[in-house]
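Everything on this sheet refers to the single structure shown next.
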Amino acid sequence: MSEFSYEIVIGLEVHVQLKTKTKLFCRCRTEFGNPPNTQTCPVCLGMPGSLPVMNKKAYFLGMRTALALNCGIPKFTKWDRKNYFYPDLPKGYQTSQFDLPMSEEGYLDIKSTKDEFEPRRVRIIRAHLEEDAGKSMHDEAAGKGDSRIDLNRTGTPLLEIVSYPDMRSAAEAKAYMQELRLLLTYLDVSDCNMQEGSLRCDANVNLHITTDDGVIATPIVEIKNMNSFRSVERGIEYEAKRQYDVWQETGKVLGELPKQTRGWDDSAQVTRSQREKEESADYRYFPCPDLVPVIVTDQQIDEVRQEIGELPSALRERLQNEFGLTIYSADVIVNQGLSLVEYYLELAAAAGDNKLAGNWVQGEVLRILNDQEIEIEDFPIDAGRLAELLQLIQTGDLDSSKAKDVFAAMLTSESSAADVVKELGIEKVDEGALEALCQVLVERNQRIVDDVKSGNEKAVGALIGQAKKENPNVNPGQVRQICLEIINNL
Amino acid sequence: MSIIQKTASEQLALLNSGELTSVELTQAYLNQIEQIDGQVGAFLRVETESALAQAAAIDQKRATGAPLGKLAGLPVAIKDILCTKDTPTTCGSRMLENFEPPYNATVVEKLLAADAVILGRTNMDEFAMGSSTENSAYQTTQNPWDTTRIPGGSSGGAAACVSADMAPLSVGTDTGGSIRQPAALCGCVGLKPTYGRVSRYGLIAFASSLDQIGPLARTVEDTALLLEVLAGHDPLDSTSVNQPTPAYSETVNQPLENLTLGVVDRHFGEGIDPEIEAAVQAAIQVYESLGATIKHIEMPHADYGIATYYIIAPCEASSNLARYDGAHYGYRTDQAEVVAELAEDGSDEGPLVRMYRKSRSEGFGEEVQRRIMLGTYALSEGYYDAFYLKALKVRRLIRQDYDAAFEQVDMIIGPVTANPAFAQGEKTSDPMAMYLEDLYTVTANLAGIAGISLPCGFTSGGLPVGLQLQAAPFQEEKLLRAAQMYQAATDFHTRRPELS
């Protein structure tokens, strides 16, 4: 069969657990990892006669997120019931939002620093609030048919962010997830832990294949169970190839098959069919009569807008435009989170050299954070102490390799950069003495002089080695420069 | 006159003056229940021990001079739909036969805080769905005025126990008329408060946007006293309205001047029992003689009340009752039977779905299943707009009818039911006939307004007739005063059924 080119069309539905102390409709706590069914009450257990009361904090965290995603906030929003039976859904319905969500029509911009794709604006259809379901744990041990239900998670507030099918590659989908998570982290609205399920992603994927008779679309598949950025990328890549192969085999196009749900099996690196969904499911949405609609004022919306600090995209631009960092540096620093950005800003201001500060944060500081698996909050050298070190570099008192030695020593001591310099016995070499030393070395090494003269500038490196033996404090760059000048003037 | 024939207000005065103890009073009611509830069947459970213990504790409290609640020492019967901590709360259903809630309904908390004595739980139609109390999974309740007849429903036990002097006060719920209709058929007073006046927290939901808890008693004064305790904003119920609760019991005896009452002509004539029409017309004349002005008004959409109600209520019920799935609490079918059945019929239905199906089929009665199916159907894709959405629109029109009416009149006066209490079994095979029992009452629930039923006569066969007054939202205070004007001028409420 002949091969055709195709485009992957991807829309993402992201569920974000909002960082509230208590659940969406009751006062139970939302902590992760406690013994099963210890965070429940009559309301989240769906006991007869119990009634929900909205957690305002969840609504406002949802609004903060929606505003940061450039969504519009309707003044009126309401709650609806999504009816279905499942043992981890004790009421027999999920309280969600159907036709009048709390926000709609926004966007999130994504870029690739590695030029994997063109910058893209991914439009957002809506972000709405709903309650999480419990967890079913199926005991699949031989001879056992038991399923156990943990309702600790039941009623945890979720924000469901639904994008338009605007992404065109797995890399874009991954970048969208990463940028969204970064944004959520800056907003401080979620723990964003994909392993613990506080950030979950379902992808709707199909292909637009260019055939000899025009463009056809393959049936849409929803992929679930992608618990890391990598699995989002791999799941979509796998699914695209699978759909292409299935189309080659069957020729089935959109509309000829029901929408399918497939789960990503991370160990086998494949998607597997879960159920033919939605076509038969009728959730019988209707307005929840136990909850009053939410009516919000312009003033309240403005107040929430004020809470939003500078966001990643704006910070990246500022670091490039105002601080003169490269796109890459700005990206690396901003993507580490707001705390590292704040560290950088403090360091740059104190050190008085934006680029040098950028290089050090992006280089040495990040290396330590990664090696030691710590956050910047736990980094032993505060911005003020590091700024002193950078100043010593700027004045020429320290060369970069010496500076790294000082930096390493500062990690385990609380001394200032200047004190560490003294402790390590590093002394600045007097310029006249250095010139004299170079003069002696040049005179002593005629062969090297000849090499350099004949065009091999690298040969001067041997002089640097000798200079270091004579005086460990010499600055290799300076030695090199002076020696070359002397040789060239011979 | 025996102590149980006195009104709650009179009993309270005797308790406060020390002439009567709560233990004596409670024991008198327990004796009456013992003697006659075999004929009436109003109670599902009588809580003899805890009632006497509570009564003794309140007597003790009174003796020490400690501050007392508004109902200190008065027995109260509770419809078995209100959750009571660690006590069976069945909702008249097999589904909840062994269910003991781990918490109290807000009104139960309020009753306890008011030092009421909880006498027992009254019978009801299963999940409050019905108009005769015949849909109880446990027993029927007989009308104390004629034990071959039904007491009305769904709060049939709540009305019958008051009517037969087995409790001075009783708490019911009204979704489409479930307080007012049995009150009318049993010859007592029953009030459906404005939606949002009383917290629904702990009221086992039938139709959340229509359900309200309300008081039943023999007199308007007693009704006022009980409403005063039940009413009030509750942070646990977001649909409860944050409005101060007036001191109904203090103002109930103040007549209203310049009272204007609206009469809807369509309430009369075709379909209504002539004796009921005559009694209600006579009551209207009593009001005229008391200085009220009568105005004839239109309620253009009232005819759609039943149709609208029987869409909205089942829709909400189908969702509210989804939680009874056998998985978490309440009735669950036998697991071994599920496995055996599946093995036998070779169905590809999974054991979970079969467990749901069997548990719900066995746990729910026929009428509850009918309404779940009606509601599920009406909410389904393709039907939602034609049924549920349209019903919501009509509901709004009905509310607008009321709003327009209350610009012209203070209250609307009319019948509660078209017919007096009917015979046991008469309508059980005809759901539509049963649904029409709510003809005059459902519109108040759809509009969320307040309504009261009070005795206004008897048929030639000696069956009670009810008079309904309806008032604008949160006008319970005026509603009670207007009702009391009538009761002060008549003596229908003083008559007693004869039970041996």
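The values are calculated or read from the model by the stated rules, or taken from the named source; none is laboratory data. A quick note: this is a predicted structure, and the numbers were derived from the prediction, not measured. With ideal geometry, Cβ positions are generated from the backbone for all residues, glycine too; neighbour counts draw on all protein chains shown.
Here are the numbers for this structure:
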quantity: Hits in region A:410-448 - residues which are acidic (Asp, Glu) and surrounded by 12 or more Cβ atoms within 10 Å (Cβ to Cβ); calculated: A:Asp419, A:Glu423, A:Glu427, A:Glu435
quantity: Residues that are within 9 Å of chain B (Cβ to nearest Cβ) and in contact with a Pro (Cβ under 9 Å, 6 or more places away or on another chain), drawn from region A:78-90; calculated: A:Arg81
quantity: Qualifying position, being crowded, with 17+ Cβ neighbours inside 10 Å and part of a loop (DSSP other than H, G, I, E, B), among A:Asp397, A:Asp451; calculated: A:Asp397
quantity: Residue match in region B:175-192 (condition: surrounded by 24 or more Cβ atoms within 10 Å (Cβ to Cβ), within 14 Å of chain A (Cβ to nearest Cβ) and closer than 21 Å to B:Lys85 by Cα); calculated: no
quantity: 3 or more residues in contact (Cβ under 8 Å) with a residue 40 or more places away in the chain and under 21 Å from the mean Cα position of the chain (by Cα): qualifying helices (runs of 4 or more DSSP H) within region B:1-91; calculated: B:22-40
quantity: Check on A:Asn206, part of a strand (DSSP E or B) and in contact (Cβ under 8 Å) with a residue 40 or more places away in the chain; calculated: yes
quantity: Options A:Arg126, A:Arg121; residue that is more than 30 Å from A:Cys26 (Cα to Cα), assigned to a strand (DSSP E or B), touching a residue at least 12 places away in the same chain (Cβ under 8 Å) and away from chain B (no Cβ under 14 Å); calculated: A:Arg121
quantity: Lone qualifier among B:Leu454, B:Leu499, B:Leu479 - being among the hydrophobic types (A, V, I, L, M, F, W, C) and either in contact with a His (Cβ under 8 Å, 6 or more places away or on another chain) or on the phi > 0 side of the Ramachandran plot (or both); calculated: B:Leu454
quantity: Members of region A:1-18 that are assigned to a loop (DSSP other than H, G, I, E, B) and either free of Cβ contacts under 8 Å to residues at least 24 places away in the same chain or among the polar types (S, T, N, Q) (or both); calculated: A:Ser2, A:Glu3, A:Ser5
quantity: Qualifying residue in region B:228-244 (condition: in a strand (DSSP E or B) and within 30 Å of B:His296 (Cβ to Cβ)); calculated: no
quantity: Residue within region A:266-275 that is modelled with pLDDT of 95 or more and within 24 Å of A:Gly134 (Cα to Cα) present; calculated: no
quantity: A:Ser50 vs. criteria within 11 Å of chain B (Cβ to nearest Cβ) and either modelled with pLDDT under 95 or surrounded by 21 or more Cβ atoms within 10 Å (Cβ to Cβ) (or both); calculated: yes
quantity: All positions within region A:188-206 that are farther than 18 Å from A:Ser228 by Cβ and either of a type in the set (Ser, Thr, Tyr) or surrounded by 21 or more Cβ atoms within 10 Å (Cβ to Cβ) (or both); calculated: A:Val189, A:Asn206
quantity: Test: residue in region B:248-257 that is under 28 Å from B:His301 (Cβ atoms), outside any loop (DSSP other than H, G, I, E, B), away from every other protein chain (no Cβ under 14 Å) and free of Cβ contacts under 8 Å to residues at least 60 places away in the same chain; calculated: no
quantity: Cross-chain or 6+ apart pairs with Cβ under 6 Å, region B:363-390 first and within 12 Å of chain A (Cβ to nearest Cβ), then of a type in the set (S, T, N, Q) and crowded, with 19+ Cβ neighbours inside 10 Å; calculated: B:Ile372/B:Ser318; B:Gly375/B:Ser318; B:Thr376/B:Ser318
quantity: Top-ranked residue in region A:378-394 [being closer than 13 Å to A:Glu346 by Cβ and surrounded by fewer than 16 Cβ atoms within 10 Å (Cβ to Cβ); ranked as nearest to the chain's Cα centre (by Cα)]; calculated: A:Asp382
quantity: Residue within region B:200-210 that is more than 14 Å from chain A (Cβ to nearest Cβ) and either farther than 25 Å from B:Arg495 by Cβ or buried (at least 24 other Cβ atoms within 10 Å of the Cβ) (or both) present; calculated: no
quantity: All positions within region A:95-118 that are under 26 Å from A:Arg153 (Cα atoms), away from chain B (no Cβ under 11 Å) and surrounded by 20 or more Cβ atoms within 10 Å (Cβ to Cβ); calculated: A:Gln97, A:Pro101, A:Met102, A:Ser103
quantity: Test: residue in region B:313-333 that is closer than 30 Å to B:Val409 by Cα, small (Gly, Ala, Ser), more than 14 Å from chain A (Cβ to nearest Cβ) and in contact (Cβ under 8 Å) with a residue 24 or more places away in the chain; calculated: no
quantity: Subset of region B:216-247 that is within 14 Å of chain A (Cβ to nearest Cβ) and in contact with a helix residue (DSSP H, G or I) (Cβ under 9 Å, 6 or more places away or on another chain) - its residue that is nearest to B:Pro193 (Cα to Cα); calculated: B:Ser240
quantity: Checklist (1) within 22 Å of B:Gly326 (Cβ to Cβ); (2) crowded, with 23+ Cβ neighbours inside 10 Å; (3) away from chain A (no Cβ under 14 Å) applied to B:Thr141, failing item; calculated: (1)
